[in-house]
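The structure under discussion appears below in the form of structure tokens.
The values are calculated or read from the model by the stated rules, or taken from the named source; none is laboratory data. What you are looking at is a predicted structure, and each value in this text was computed from that prediction instead of being measured. All Cβ positions, even for glycine, are placed from backbone atoms using ideal geometry, and neighbour counts span all protein chains on display.
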């Protein structure tokens, strides 16, 4: 973002000329805003994708930091050890897509 320092200095000088007037700086800023171009912010598509990736990363990290049920962990651990633990990968993928991407 480019900030025009010359314009900002002009607003300051205009406000400094009338220090006795109440709110002169605010009035000068308001007047300058009507006369001059205003700053604009735009987010590129790459920035929007990065923002979405950051949001998903935060969601995953928050989910990972939630405390787990010790009983559930023990049941899963014993099922893995005896070979009876089954992961329905299709259902898992669908649940992940639904939860984090909203598909």
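So if I check each of 52, 22, which one is out of contact with any strand residue (DSSP E or B) (no Cβ under 8 Å at 6 or more places or on another chain) and at pLDDT 85 or above? Steps first, answer last, please.
Working: 22 fails: at pLDDT 85 or above.
Only one candidate passes the filter, namely 52.
How many of the residues making up region 59-103 are in a helix (DSSP H, G or I) and either closer than 30 Å to residue 49 by Cβ or under 25 Å from the mean Cα position of the chain (by Cα) (or both)?
Let us first name the residues in region 59-103 that are in a helix (DSSP H, G or I), namely 59-64, 70-82, 89-101.
Among the residues that remain, those that are also either closer than 30 Å to residue 49 by Cβ or under 25 Å from the mean Cα position of the chain (by Cα) (or both) are: 59-64, 89-101.
Of the residues in that region, 19 qualify.
On the given criteria, is residue 56 assigned to a helix (DSSP H, G or I), free of Cβ contacts under 8 Å to residues at least 12 places away in the same chain and surrounded by 10 or more Cβ atoms within 10 Å (Cβ to Cβ)? Can you show your working first?
Values: assigned to a helix (DSSP H, G or I): yes; free of Cβ contacts under 8 Å to residues at least 12 places away in the same chain: no; surrounded by 10 or more Cβ atoms within 10 Å (Cβ to Cβ): yes.
So residue 56 does not fit the description; no.
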